[in-house]
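Read the structure below first, then the notes.
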Amino acid sequence: MTSIYDSWKTRYRIIEEITRNNAIPFSDKIEINQYIAEDLGLQQKVILKKINVKEDPRIQELAQYLWHYEISLNQRAINISKGKTLLKLIDGEYDNEDNCFILITEAGGSSLREILINKKENEDTELFNQLKNSNHSKKRIWEGILKLSEGLLAIHNAGLLHRNISLDTVYFNRESYREGEDHIFRLGDFNWSIYLYSISNLISDEITKDIIQNNLHFFRAPECLEIETFKSDIFSFGLVMAFLIFNLDMIEYEDTEFADRARLYNKIRDTINIQDGLKQEKEIILKAIELNHEDRFESIDEFVEKIRDFVNELKYLTITTPQLPIYFNIDRDSYFLNWIARKVDVNIQGIREHPNAFLKNEFSELSLYLTNNRDWPLWAIGKNAKYKFQIGRTNRKIAIVSLLSKNEERSFGLKNDICVCKVNKFYWQDFKEKSYSTWDRIFANALTQIRTVDEEPSDYELYKKRWLKALKLITKAEQNIEKRYIFEYELINDSINKENPKKSKRQITINIFNSAERTRFIQVLRNSQTQTVELLDSQDLKQRFRERRKWKFIEIVDEPDDFNIVVKWEEVRKNDSPSLNGYLRFWDLKPTLHLLKRKFMTIQNLEDKDYLVDAILNPAATHQYFLKDNKSDIVNFIFYTFPIFLLQGPPGTGKTWSAKELIRLTLERDPYKRILVSSKEHAALDDLLEKTYEMCLELKINPKPKIVRLISPHRERNYPPGSIAFRHFPKQMAIKMLENIEKWDPNLKKYDGILAEIENIIKYEGKAPSREWTDSIRESANLVFCTSTSNDLSKLESRPNFDLVIIEEAAKTYPSELFRPLQLGNKWVLIGDQNQLPPFKLNDIIELINEELDEIEEESKEEINFNERDFLEFRNLTLREVKVFQSMFERFKKVSPSYDSADERRSCNTLIGQHRLPSKISEMISTIFYDRAFRQEIHERDDLILEPSMMSNEQLIWINTKNERIFGEKRAGTDFYNIAEVNLIIRILKKIRINKKYIQFSLAILSPYNEQVNVLKTRLPNDLPNLKGINIKNSCYTVDSFQGQEADLVIISLVRSNNKEGIRSAWGFVPDPQRLNVMLSRARKVEIIVGDFKMCLNHRRNPIMEKFSKVAVFFQKEGKIISHDEV
């Protein structure tokens, strides 16, 4: 609860009790009261529900379950709807003093029962009657029904069945009616909602039966005692529509026996058939209330679509009339008259004397279309020109016609897709004459549907559009960066044997030119897994890969200068002849093309995901907290915060543990919850999968969660068969399932036929299960692990959204990588650390974005309405959203939950409990990279290293190479290595003696440079006698690849040692704070840096070196600096 109010008792003033026990499930098991109350803070009416907790432990559990369940149901439905049709949950808390749970929901206004049946005298009833008596009542009511049906669609898409739609649970929203909005009806009362796909095991069979039988009101579907489906809600909705549209008398149907309902439902159907009404509206309602559920609409989607089609017909209802009076000025000096005289080649006097002859010749069987201008709402195409029409000011039964100018054609937004009126002929009539026509109805119809130019989107809507445009620019940069792997070439030699082309494989020699491309080409060739390319005529990245353009690398023939490199290739199969000049594309890009398409679709689909976009951009309006901030139990707070939470996890603070515990809590509360866990990188995902799997083995719930790890077939082959991830691949799970089926032996003759059939299935499916088996495994899983860019995510779209989506390493993702899994959920928890490694190739992406923005700016400057300040804001927005996790975190952090300064609830938080790093390393990381102290949760001992003595009892050691010439770096393309540092590390490893009590200790040797890691793996021994059990070569990693991992002893090779003055030329990317943070926070016991300490201090005044120089100073103060010649 919020702000200056101590509790719900001081914030909410109860007005009247509205409890109806027969409308509240479990009311005979537990005391539940509902009240209309006034929110003194927001000054609005609300519904307050009080769930009282009794002493019985089982009832206590049920009370908490109901409280949590209603929160999750409401959020699940609201999050995937537009939000205005469904009554929202506003607040909730547990009251220790009164031992009760409190839920606060919006008050929907008067129910349709109070308005239609009880005819309660209040403002709602008065306004509703005003609506019913208006000229456009049918259109407004059906527009409201459409929005209400879209709310029901949202509930069904969330996997929910409302089960209690009636005149009591549909409310008239007078504020929306006054504002002219379509959301004039609202749907509430989620008391009876259940998951169609599951009923929690926390509720017994006895209580479940009560759910089915305790509320057989008239609007329940006939089949409700046997089975209820989404079609049951359609029946209830259809009955409400029948009472709303056809004014049925409820008295006849109230309190009737369930057995007599079929007769009464048929009587309602007969009444609808004989009443006045449009054919299509009758068809919709009658199909919705078919007694046999199989005869109703197949799905809620079909139901909504039929209503939408009908509303569109009402909205654009075309009025047909034989003739209409029209006026134009027939004075001789009239501009209109002069113009048409020239156009039709008829003397002005002739038109003045016979205006109807002109009208007959110019207009015949005319269609009048809609403009976007209220003054001239209609336009038409005549025989010689285009015309506009407005209603007469003194006589509304006559229309004025005038010419449509070229400027007006542009500003009126002319389209001929909305026809308002069809007329056979016009006749001229003066305003003073009395006329009888339908012009007033025609213009009224036009004005109700017109969208004026003046109706501009709100500032927030404009911001959303700019934000989506920024995301598209970022995704375009992701595509353009792949073009850097396409190289221009010229053909030097073609070895095709024209006399006998089948004799040998064709070889070609090509020249790669341009110095920048030459260096990049060598790097790409070295890292290529396939060593094959495709030769193209254009640089279009979207071209499909074709086998007949595929060439395999043979050798680099020559490097004549810094600008050229000559390469020989051989055809893989009989190839098409390559062009003399063209573009070379590496075959490794093939899967990237499909990935880029998915990324573009991800951003495109965000335009239809308002619930997700609003949660990201408008936290103040969309985020809700149902527990007070409890720093000692962050997982529980996250669980009761909706719909999104961001968790920053600095090194060693337990972000993976938090994710695992959140999964545990979610499944303990409801074992049927569906959870999607995603990460950009496989390593982080598999690590969390292993920890979650072990946790699930301990869970005392039934049924146990079904875990599946989705992965592409080619990656599946990289996993060892015994790994936990491998065992949870759908294919492996299907094989295991078939093996278990094969072992089934009922030992009964009657099953012999089944066993024979099973044997036949196993024979064909046992080792290579078909897609039906793997699809079944995937669809039945409720705990799914999948990378955020995997194509497998598209296979999860057919089912209802996941209850919870958890994203690991979220700070390393671009928007196109983050939002794909988020679109599959109703609640989202993003876990990452913006102070560790950013998204891959961030600097390159930013460079490309700036280039694109520069081009856009140059083009935009030529436009009249270009605003330099607005464009600068858009540039900053785009660059900010590249690191989307950080942007969201900063946005959420700014939002205060209330005016109470002591209220620290936010939808984001930073973990500060340190569970891995020893005290000195923890202090260094927290103070330098996070500006706050970690809370040390472990007690360490500095006794890992016994020898050499100079290193014992130390956590931080820097072996200083002193900028001596022997330790100078070497260059390899754009990479660097340092042989002397490698030799020094070998000396260190040989002299170290580890305390025997750490027999299972681990080692990691890190370097920022890939080339240095390659040299380390080449020169280091496999093992050493003093480091038993350690495979030294396999302990070498780049810093980037080791994020998320840890080791007892970490040795870091900095590589760089030179006398360059420029920071970037001297240190490259080493001082980048995020990479430094990762590099220095991997050690559980001891951290040893090998590098040039003096060089680090020499550059300490440069802002780029701020964090790195602070690290060096910290080592001086809290660690130990050792000269290399002392080792």
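Computed from the coordinates by the stated procedures, all read-outs in this text should not be read as laboratory data. From a predicted model like this one, the values you see are computed outputs, not experimental measurements. With ideal geometry, Cβ positions are generated from the backbone for all residues, glycine too; neighbour counts draw on all protein chains shown.
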Calculated from the structure, Rg/Rh (Cα atoms, Kirkwood Rh) equals which of (1) 1.03; (2) 1.01; (3) 1.06? (1)
Length gained when the stretch Gln349-Ala259 is fully extended (0.36 nm per residue, less Cα-Cα span): 24.3 nm
If you take the charge dipole of the chain about its Cα centre, with +1 on Lys and Arg Cβ and -1 on Asp and Glu Cβ, which of Leu1049, Ile701, Ala734 is farthest toward its positive end? Leu1049
Along region 1028-1045, Karplus-curve 3J(HN,Hα) (6.51, -1.76, 1.60; θ = phi - 60°) to the nearest Hz, with x for Gly and Pro, reads 5, x, 9, 8, 5, 4, 7, 9, 9, 9, 6, 4, 4, 6, 9, 4, x, 10
Separation between the Glu890 and Gln64 pseudo-spin-labels, each 7 Å from Cα along Cα→Cβ, expressed in nm? 4.0 nm
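With Cβ to Cβ distances under 12 Å as the rule, what net charge do the other residues near Gln523 carry (K, R +1; D, E -1)?
Values: positive: Arg484, Arg518, Arg520, Arg526; negative: Glu517, Asp975, Glu1011.
Computed value for this residue: +1.
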May I ask you to list the GluC sites (Glu not before Pro) in region 80-154 that are in a DSSP loop and have at most 12 other Cβ atoms within 10 Å of their Cβ? Glu97, Glu121
Tell me, in nm to one decimal, what length is gained between Glu433 and Glu947 on full extension, where the rule is 0.36 nm per residue of separation less the Cα-Cα distance? 173.6 nm
Please give the length that would be gained between Asp900 and Glu852 if that part of the chain were fully extended, namely 0.36 nm times their separation in residues minus their C-alpha to C-alpha distance (nm, one decimal). 12.8 nm
Listed pairs Lys1094/Lys1120; Lys132/Lys267; Lys120/Lys306; Lys483/Lys1060; Lys962/Lys1110; Lys628/Lys827 exceeding 21 Å between Cα atoms: Lys132/Lys267; Lys120/Lys306; Lys483/Lys1060
With θ set to phi - 60°, apply the Karplus curve 6.51 cos²θ - 1.76 cosθ + 1.60 along region 715-722 and write out the HN-Hα couplings as whole Hz, x wherever there is a Gly or Pro. 7, 4, 5, 7, 9, x, x, x
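Hand me the trypsin sites (Lys or Arg not before Pro) from region 623-688 located in a DSSP loop with no more than 14 other Cβ atoms within 10 Å, in residue order please.
On the way: sites: Lys628, Lys631, Lys655, Lys660, Arg664, Arg669, Lys673, Arg674, Lys680; in loops: Lys628, Lys673, Arg674, Lys680.
Qualifying residues, ordered by number: Lys628.
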Sticking with the crude label model, points 7 Å out along Cα→Cβ, report the distance from Ser1123 to Lys1110 in nm, one decimal please. 3.1 nm
If I model a spin label as a point 7 Å beyond the Cα along the Cα-Cβ vector, how far apart are those points for Leu403 and Phe871 in nm? 3.9 nm
In whole percent, the Cα-Cα distances of region 478-596 spread across 10 Å bins from 0 upward as 13, 48, 31, 7, 0
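How large is the helix-only mean residue ellipticity at 222 nm for the chain, computed as the sum of -39500 (n - 2.57) over DSSP H runs with n ≥ 4, divided by its residue count, in deg cm²/dmol to the nearest 500? Walk me through the numbers on the way to the answer.
Values: 39 runs with 431 residues, N = 1127.
When only DSSP H runs of four or more count, the value is -11500 deg cm²/dmol.
Relative contact order of region 914-1126, please, whole-number percent, based on alpha carbon pairs below 8 angstrom and at least 6 residues apart.
Numbers: 390 pairs, mean separation 61.7, N = 213.
Relative CO of region 914-1126 lands at 29 percent.
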Could you give each residue of region 569-574 its phi-based ³J(HN,Hα) in whole Hz, using Karplus coefficients 6.51, -1.76, 1.60 with θ = phi - 60°, and x for Gly or Pro? 10, 10, 5, 7, 9, 5
Suppose R0 equals 22 Å; then what is the FRET efficiency for Lys552 and Asn843 from their Cβ-Cβ distance, rounded to the nearest 0.05? 0.10
So for the chain, taking the charge dipole from beta-carbon charges (+1 Lys/Arg, -1 Asp/Glu), which of Ser723, Ala446, Pro651 sits furthest toward the positive end? Ser723
Counting other beta carbons within 10 Å of each residue's own, what order do Cys419, Cys786 fall into, fewest first? Cys419, Cys786
Under 22 Å Cα to Cα from Lys505, which lysines show up? Leave out anything in the same chain fewer than 8 places away. Lys550, Lys552, Lys568, Lys574
FRET efficiency estimate (nearest 0.05) - Cβ-Cβ, Lys991 to Ser919, R0 25 angstrom: 0.45
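Check each of the GluC sites (Glu not before Pro) in region 371-454 and keep only those in coil by DSSP with at most 12 other C-beta atoms within 10 angstrom; list them in order.
Working: sites: Glu408, Glu409, Glu433; in loops: Glu433.
Hits after loop and neighbour filter: Glu433.
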Using Cα atoms only, what is the angle between the long axis of helix 123-132 and the major principal axis of the chain, expressed in degrees (0 to 90) to the nearest 10? 70 degrees
Determine the alpha carbon to alpha carbon distance for each of Lys655/Lys706; Lys9/Lys88; Lys287/Lys673 and list only those over 26 Å. Lys287/Lys673
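Quick one: compute the contact order of the chain, relative version, from alpha carbon pairs under 8 angstrom and 6+ residues apart, as a percent.
Details: 1927 pairs, mean separation 88.6, N = 1127.
Worked out over the chain, it gives 8 percent.
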Using a Cα-Cα cut-off of under 21 Å, which lysines could be cross-linked to Lys996, ignoring same-chain neighbours fewer than 8 residues away? Lys1028, Lys1085
Measuring from the longest principal axis of the C-alpha atoms of the chain, the long axis of helix 682-698 (C-alpha) lies at a number of degrees, nearest 10, equal to 80 degrees
Cα-Cα pairs in region 1031-1127 separated by more than 17 Å, as a whole percent of all pairs, come to 53 percent
Going by alpha carbons, how many degrees (0 to 90, nearest 10) lie between the helix axis of 279-288 and the longest principal axis of the chain? 50 degrees
If amide hydrogens are placed 1.01 Å from N in the peptide plane, which non-local residues have theirs closer than 5 Å to the one on Phe431? none
